[in-house]
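Peer 1: Before anything else, here's the structure in question.
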Amino acid sequence: MRITGTGGGRGRRAAALTTTVLAASALLLTGCGSGSGSGDSDASSSDGKITLKVADYGQFGYREAGLFAKYHQLHPNITVKEEVTANEQDYYTKLLQQLNTGSGLADVTGLEVGRIKEAVDTQAGKFADLSKSINVGDWVPWKEKQATAKDGTVIGAGTDIGPMSLCYRKDLFEKAGLPTDREAVAKAVAGGWEDYLKLGEQYKKKAPSGTYFMDSASAMYNAVVSSDSKQYYDAEGKPVYKDSSAVKQGWDLAAEAAAKKLSHGLPQFTDPWTAALRKGTVATVACPAWMAGQISTNSGAAYKGKWDISRAPGSTAANWGGSFLTVPKSGNHVKEATDLVKWLTAPEQQAAVFKAIGVFPSNQKAYLLADVKDAKLPYFNNAPIGQIYAEEAKTIPEAVLGPKDGVIKDSISTQINNMEQRGTKPADAWKAATETIDKAIG
């Protein structure tokens, strides 16, 4: 899942890095505690019982799926303790400090996809090589590559991914004279996000009073960029966001949405955003897999069955968000932590998490299990999400990641929010975004 920040998130999590990362769904954020490497007295005891600490920033769904309790049943000598940090950016800053000092680290730590490249390039030697114990070939192929260092070690086990869809309010579409059947909606936006904005203009003509076509133009921006393999960096590691065709397309569409007042202008995961979902004033949300949990949680029982899910605009699959579990080498229980990570990311456990909170597995073997392939969401008019997301996941392009993806996403999303909320001109907003980014990434 995973999400926090202004830009995009972690699929369930995600989010939540940026409107992001995120992210899940990204959402109730889980966090970072003092780790086994700090010599805490509760890390182990004289009777052989140990406590494994899991530090994370998002709603990974393990507690919701009952997996920590189940693991304790399977391993009575092991108790898993999960602690919570409310903001992924705070979590990551603390994690870097712990890695640099070698103390305070948990036995298992989460990493958002927007951070994985930086960790791979600068911190790989501080994490256990999970390829020695986990069949990393079970994940979607690009997930393994994201966590692989130059020496071939794999520092992170893939948890979820964020295949894209479109969540929409059937009742609001009907009142605005738009198609309501999910196949008809998919056909209406089949030409891409340009078609999505055209549909928004149609909605606006007959929009029910007080409602908006989309929640956030910055969210749409992240969805657009997520469908391209070349986003913010090139294969050589050079920042190319100023020349990226995906960034340009996403920015131009976001500026158009802001100018035409098609968006509510609410940064995702903020209090006004959750209030808008609760009040029912948003007609569509760009919907990576982890977002469904956010919508159902915040919209509440009053809108159950009024939401539906369709395929995302365009013919190119997109991934927004996703996370990894890592095992710091400095932990007191590296083997036991690795065993836990292996178990949590196995097909059956990923399917259980998907069933519990809707974050989509990165383990391809999970797609064959009934809890995934036959999954439907009652809240979303029984949308066949297992089929929708599995089909999307098969064709997601392998994106080039960079060490400051999260910073770039957040900075651009902030300026899109300014266009929506303050009426900042696109040229001025872009100038402000690039100045912030260039200062941050050197």
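All of the numbers you see were taken from the coordinates with simple rules; none came from a lab. Remember, it's a predicted structure, so these values are computed and weren't measured experimentally. Reconstructed Cβ throughout: ideal geometry from the backbone, glycine too, with neighbour counts over all protein chains shown.
Peer 1: Using the 10 angstrom Cβ neighbour count as an exposure proxy, how do 310, 216, 133 rank, fewest first?
Peer 2: Final ranking by Cβ density, sparse to dense: 133, 310, 216.
Peer 1: Which value, in debye to the nearest 20, describes the size of the charge dipole of segment 166-222 about its Cα centre when Lys and Arg Cβ atoms bear +1, Asp and Glu Cβ atoms bear -1, and nothing else is charged? Each step should come with its number before you reach the end.
Peer 2: Details: 9 positive and 8 negative charges, 37 e Å.
Dipole size: approximately 180 debye.
Peer 1: Could you let me know the centre-to-centre spacing of segment 175-226 and segment 239-281, using Cα atoms, in angstrom?
Peer 2: The two parts, judged by their Cα centres, are 13 Å apart.
Peer 1: Please work out how much length the chain gains when fully extended from residue 93 to residue 236, using 0.36 nm per residue of separation minus the C-alpha to C-alpha distance, in nm with one decimal.
Peer 2: Values: separation 143, 0.36 × 143 = 51.48 nm, distance 2.58 nm.
Result for the pair: 48.9 nm of gain on full extension.
Peer 1: Now for a different question. Quick check on the chain: of the DSSP beta bridges with both residues there, what percent are antiparallel, nearest 5%?
Peer 2: Details: 31 of 44 bridges.
The antiparallel fraction comes to roughly 70 percent.
Peer 1: Sorted by mean Cβ packing within 10 Å, highest first, what order do the peptides 236-243, 284-291 take?
Peer 2: Values: 236-243: 14.2, 284-291: 32.9.
Packing proxy ranking, top to bottom: 284-291, 236-243.
Peer 1: For the peptides 204-210, 124-130, what is the packing order when you average, over each peptide's residues, the other Cβ atoms within 10 Å and list the highest mean first? Mind showing how you got there, number by number?
Peer 2: Working: 204-210: 11.9, 124-130: 19.1.
Those peptides, ordered most packed to least, come out 124-130, 204-210.
Peer 1: While we're here: Taking the Cβ of each residue in 371, 151, 195, 56 as the centre, tally the other Cβ atoms inside 10 Å and list the residues starting with the fewest. Spell out each step's value before the answer.
Peer 2: Numbers: 371 18, 151 8, 195 15, 56 30.
Fewest-to-most Cβ neighbours within 10 Å comes out as 151, 195, 371, 56.
Peer 1: Another question about this same structure. Treat every Asp and Glu Cβ in segment 163-318 as -1 and every Lys and Arg Cβ as +1, leave all other atoms uncharged, and give the resulting dipole magnitude about the Cα centre to the nearest 20 debye. Intermediate results must be reported in sequence, preceding the final value.
Peer 2: On the way: 20 positive and 16 negative charges, 112 e Å.
Roughly 540 debye, rounded to the nearest 20.
Peer 1: Then there's this: Answer with one residue from 309, 211, 250: the one whose Cα lies farthest towards the positive end of the charge dipole of segment 163-318, charges on Cβ with Lys, Arg +1 and Asp, Glu -1.
Peer 2: Final value for the positive-end residue is 211.
Peer 1: Roughly how big is the chain's charge dipole about its Cα centre, with Cβ charges of +1 (Lys, Arg) and -1 (Asp, Glu), in debye to the nearest 20?
Peer 2: Details: 51 positive and 48 negative charges, 173 e Å.
I would put it at about 840 debye.
Peer 1: Loop-only check: which trypsin sites (Lys or Arg not before Pro) in segment 335-442 are DSSP coil with at most 15 other Cβ within 10 angstrom? Write down the numbers at each step before the final one.
Peer 2: On the way: sites: 335, 342, 355, 365, 373, 376, 394, 404, 409, 422, 431, 439; in loops: 376, 404.
Counting only loop positions with at most 15 other Cβ atoms within 10 Å, the trypsin sites (Lys or Arg not before Pro) in segment 335-442 are 376.
Peer 1: Right, here's the next one. Could you work out [θ]222 nm for the chain from helices alone, using -39500 (n - 2.57) per DSSP H run of at least four and dividing by all its residues? Round to the nearest 500 deg cm²/dmol. If you can, show how the numbers build up before the last one.
Peer 2: Details: 17 runs with 176 residues, N = 442.
Dividing the helical sum by the residues of the chain leaves -12000 deg cm²/dmol.
Peer 1: Would you order 115, 63, 169 from fewest to most other beta-carbon atoms within 10 Å of each residue's own beta-carbon? Show your work: numbers first, answer last.
Peer 2: Numbers: 115 29, 63 18, 169 24.
Listed from fewest to most nearby Cβ atoms, that is 63, 169, 115.
Peer 1: Also, I was wondering about something else. Taking R0 as 56 Å, what FRET efficiency do you get between residue 245 and residue 64 from their Cβ-Cβ distance, rounded to the nearest 0.05?
Peer 2: On the way: r = 39 Å, r/R0 = 0.70.
Given R0 = 56 Å and the Cβ-Cβ separation, E is 0.90.
Peer 1: In terms of Cα to Cα distance under 23 Å, which lysines are near enough to residue 431, apart from those fewer than 8 places away along the same chain?
Peer 2: 230, 238, 242, 248, 260, 261, 404, 409, 439
Peer 1: Once you put a point 7 Å from the Cα of residue 382 and another 7 Å from the Cα of residue 421, both along the Cβ direction, what distance in nm separates them?
Peer 2: Placing both labels 7 Å along Cα→Cβ, they lie 4.1 nm apart.
Peer 1: Let me know the whole percent of all Cα-Cα pairs from the chain that are separated by more than 37 Å. Display every interim value, and only then the final one.
Peer 2: Details: 19087 of 97461 pairs.
Value for the chain (Cα pairs over 37 Å): 20 percent.
Peer 1: Fully extended, how many nm does the chain gain between residue 432 and residue 274 (0.36 nm per residue separation, minus their Cα-Cα distance)?
Peer 2: Details: separation 158, 0.36 × 158 = 56.88 nm, distance 2.74 nm.
Once the chain is fully extended between residue 432 and residue 274, it gains 54.1 nm.
Peer 1: For the residue pair residue 441 and residue 201, what label-to-label distance in nm results when each label sits 7 Å from Cα along the Cα-to-beta-carbon direction?
Peer 2: 3.3
Peer 1: Kindly identify segment 327-416 as rounded, prolate or oblate by the Cα gyration tensor criterion: order the square roots of the eigenvalues as a ≥ b ≥ c, call it rounded if a/c is under 1.5, otherwise compare a/b with b/c, prolate if a/b is larger, else oblate. All intermediate terms of the calculation are to be shown ahead of the outcome.
Peer 2: Working: a/c = 2.07, a/b = 1.07, b/c = 1.93.
Note, shape of segment 327-416 comes out oblate.
Peer 1: Can you list the lysines whose alpha carbon is less than 26 Å from that of residue 49, not counting same-chain residues fewer than 8 positions off?
Peer 2: 70, 81, 126, 132, 329, 335, 342
Peer 1: So, in Å, what gap is there between the alpha-carbon centers of segment 312-374 and segment 141-170?
Peer 2: After rounding, the separation between the Cα centres reads 9 Å.
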